[in-house]
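The values are calculated or read from the model by the stated rules, or taken from the named source; none is laboratory data. These numbers come from a predicted model, not from an experiment. Positions of Cβ are generated from backbone atoms using ideal geometry, with glycine treated the same way; all protein chains shown enter the neighbour counts. SASA here: full protein model, heavy atoms, side chains in, ligands and nucleic acids out. Shrake-Rupley method; radii C 1.70, N 1.55, O 1.52, S 1.80 Å.
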Amino acid sequence: MLGFIPARLAVGAESPLSEPQALFEPTIWYAIDRQGRVAVNIIRAEMGQHVGTALARIIAEELEVDWDQVTINHVDSDPKWGLMVTGGSWSVWQSFPAMSRAGAAGRLALVAEGAKLLDVDPATCIARSGAVHAGTRAITYGEIVTRGDLRRTFSVEQLQAMPIKPAADRRLIGQDVAALDIPSKTDGTAVYGIDATVPGLVHARPKLPPTRNDSKVVSIDDNAARAVPGYIRSVALEDPSGTVPGWVMVFADSVTAAERATDLVKVVWTVGPSAKVSEKDIQDHAARLIADPKGGALVVDDPGLDAAFQAAGSTLERTYTTSSAMHFQMEPVNALAFEKDGLFEIHTGNQWQSLILPTLAKALGRPEATIILRTYLLGGGFGRRLNGDYAVPAALAAQTIGQPVKMVLTRADDMRFDSFRSPSVQTLRMAFDGGGLVTAMDHHAAAGWPTEVMVPGFMPKASNGVAYDPFAISGADHWYNVGAQRVRALSNDLANRSFRPGWLRSVGPGWTNWAVESFMDEAALAVGVDPLVFRLRMLDGTGRNAGSPPNAVGGAKRQAAVLAAVAQRAGWGTALPAGSGLGIATTFGQERDMPTWVACVARVRVNRTTGDVVVERLTLVADAGTVVHPDGALAQMEGAALWGLSLALHEGSEFSNGQIRDTNLNSYTPLRMGDVPDLDIAFIPSEEVPTGLGEPATTVVGPAIGNAIFAATGARVRHLPIRPAAILAALASASPR
């Protein structure tokens, strides 16, 4: 039973409401006090996306309370919350059904008890603005909490069948309201992980080994470090979880002393084979994996594909690649750890508490129930903090010295320890009949698999029985009707052994959609059809692409609608000056069971002499179903689009000799403010269920830019990031345009 039984707030959290005994807590998701104020419990990490505002609005809408009566409470880890993860653009999508019904159930209970207190029939009552109304009489929620007997319970089945408001009756969802976390972020009272502190803590900085895996400490020489005032000692960490092999932790009484001492400590390590691995080795290995038809997971495997290629009037094959890409979030990873009253506390910002808790239990050798992650704001996450590995060395350090330890990585340390996006190789083939219609498409993708390394339990099995990382292949299972289709995902085991691949904003579609949408343009060219027309005729919404409830109603026809809308909005087909071009691309965002239909037209100008590209304008249209928080949705689209632009033209590193090449922002150069183009972003009005918006726009911008470069110059680029040298090389072999 999910009942209206008082549920305690998260361990150690302070309720923003009045005293606990005065609360009405209809579910674990929110509580109402005697003044009628509502505190909504948020299990998603806040990293700039105002997720608390979006989720609290869902509750408030169904509960029928005014927005100025709502507060949010970011809770600590506790099994009662279930899966605590913030990523994949899942937060609103996954929370909307449960929180809508929770709010509706609370409203129903309040109306029933309010009617009793008013001595009227509940059928004559309505809830509005935090009160139950019966004609000219009303009683506030606060009064009902104070005077009423709120003990009604609902079964799981009743909650699942709980009706929610029709879209036409909504007063908060889809309306502009202030984000609840803006005041604290503006006045400096917001607390981030890097701000965490307790009395008596010791500061620490790690001395990182030459490789992520397989390094072992041979000796530590801290003679020079002893001259640093405040230096305490250096210790080689013993990690049963295998998360931080070869780490040496340097302790001091201040951050500055820890940083200075660490630079002076000399450590001798033995290293594993990854110390000799380069990015080229990883990409060459990926190409060999693709060349072997026996390997990999057949994510899509339609019958008749091989026959279609054999019977084809013509075929097309292309290979696309991407470089290693880093997170470079503003706040370097950090953690404060200590034991208190039988609990081991880790204070840090984290995107996936449920993932790192079992690892911490293994590392510390204690039950998971005795470990708690205290919640803080994140100064940027972008997927880096889905992997909470940085909590492990802080916890081990605190356990080793028996004192609270605060570990803060420098920017360079953070990048050397980053779970960066793996380089990738993809080969795509397409078959056409004699009239130029597509009859088959084959897609092979090889990259390091984060899910395989960190959470293999999240890996489903493909049609051939091989488990695969869905976050490393989503996007390849597109919504185009291409006849017989095959999608093969291959784990680059050399990448997995050499570093720890990670999830980066847009995850797999960040590279799979680069290949798919670049290839669609090349295919259109091969058969002499306009790229827009070529796409639209394959987005017919038939067969497996018809879509289904609850999340993909309308299927590929909704993707066709955003594509047509963006083309009209951007002036597709308009003549442009020499050296300028429009490129188009469309995707469904992240995953087939949560499609956010997005299309983009990029307008670029290319300098044929230098190869430099200026993106003048990005036009994007999205259909994300119901838009819960319009201002937040727009910000998400803007940020995602600019992230996609940054990855397309500016960002990219290289793995060499067991380490990433770029460790600071002097050589790794994300998009600068002066390079930000005009943005024109629109949403298709919809009453369908809300889907994710944190990442989908990222996946569509890169291929739109690549296609625009071709439209402007005739130079085809097939590698991300797109560098001037690659454009010049492509220009040298391109037909005049």
* To do: Tell me, please, whether a residue that is open to solvent by 10 Å² or more (accessible area, probe 1.4 Å) and among the small types (Gly, Ala, Ser) can be found in segment 527-534.
  => yes
* Please tell me if Gly148 is open to solvent by less than 70 Å² (accessible area, probe 1.4 Å), touching an Asp or Glu at 6+ places or on another chain (Cβ under 7 Å) and of a type outside the set (A, V, I, L, M, F, W, C). => yes
* Structure fact -> Across segment 603-638, the tally of residues that are assigned to a strand (DSSP E or B) and among the charged types (D, E, K, R) stands at 5
* To do: Among what's in segment 86-120 and is among the charged types (D, E, K, R) and in a helix (DSSP H, G or I), pick the residue that is nearest to Met47 (Cα to Cα).
  => Arg101
* segment 639-651, residues that are part of a loop (DSSP other than H, G, I, E, B) and either open to solvent by less than 10 Å² (accessible area, probe 1.4 Å) or of a type in the set (Asp, Glu) (or both) -> Glu651
* Structure fact -> Picking from Arg486, Arg497, the residue that is open to solvent by 10 Å² or more (accessible area, probe 1.4 Å) and in a helix (DSSP H, G or I) would be Arg497
* Asked: How many residues does segment 253-280 contain that are under 15 Å from Arg226 (Cα atoms), open to solvent by less than 50 Å² (accessible area, probe 1.4 Å) and either modelled with pLDDT under 95 or in a helix (DSSP H, G or I) (or both)?
  -> 4
* Residue that is hydrophobic (A, V, I, L, M, F, W, C) and under 23 Å from Gln94 (Cα atoms), where the choices are Ala682, Ala624, Ala648 -> Ala624
* To do: Name every residue in segment 174-212 that is open to solvent by less than 50 Å² (accessible area, probe 1.4 Å), in a helix (DSSP H, G or I) and within 28 Å of Gly246 (Cα to Cα), in order of residue number.
  => Gly193
* Structure fact -> Checking Ser419, Ser424 in turn, the sole residue that is at pLDDT 95 or above, within 26 Å of Arg260 (Cα to Cα) and within 22 Å of the chain's Cα centre (by Cα) turns out to be Ser419
* Taking Leu316, is it surrounded by 23 or more Cβ atoms within 10 Å (Cβ to Cβ), at pLDDT 95 or above and part of a strand (DSSP E or B)? -> no
* Asked: Do we find a residue being surrounded by fewer than 24 Cβ atoms within 10 Å (Cβ to Cβ) and on the phi > 0 side of the Ramachandran plot anywhere in segment 378-395?
  -> yes
* Out of the residues in segment 121-143 that are open to solvent by 50 Å² or more (accessible area, probe 1.4 Å) and part of a loop (DSSP other than H, G, I, E, B), which is nearest to Pro26 (Cα to Cα)? -> Ser129
* Determine if segment 565-580 includes at least one residue that is surrounded by 23 or more Cβ atoms within 10 Å (Cβ to Cβ), touching a residue at least 40 places away in the same chain (Cβ under 8 Å), assigned to a helix (DSSP H, G or I) and not aromatic (Phe, Trp, Tyr). => yes
* To do: Considering each residue of segment 40-84, count those that are among the polar types (S, T, N, Q), assigned to a helix (DSSP H, G or I) and open to solvent by less than 10 Å² (accessible area, probe 1.4 Å), and give that number.
  => 1
* Does segment 298-307 hold any residues that are open to solvent by 20 Å² or more (accessible area, probe 1.4 Å), out of contact with any Phe, Trp or Tyr (no Cβ under 8 Å at 6 or more places or on another chain) and of a type outside the set (Asp, Glu), and which are they? -> Leu298, Pro303, Gly304, Ala307
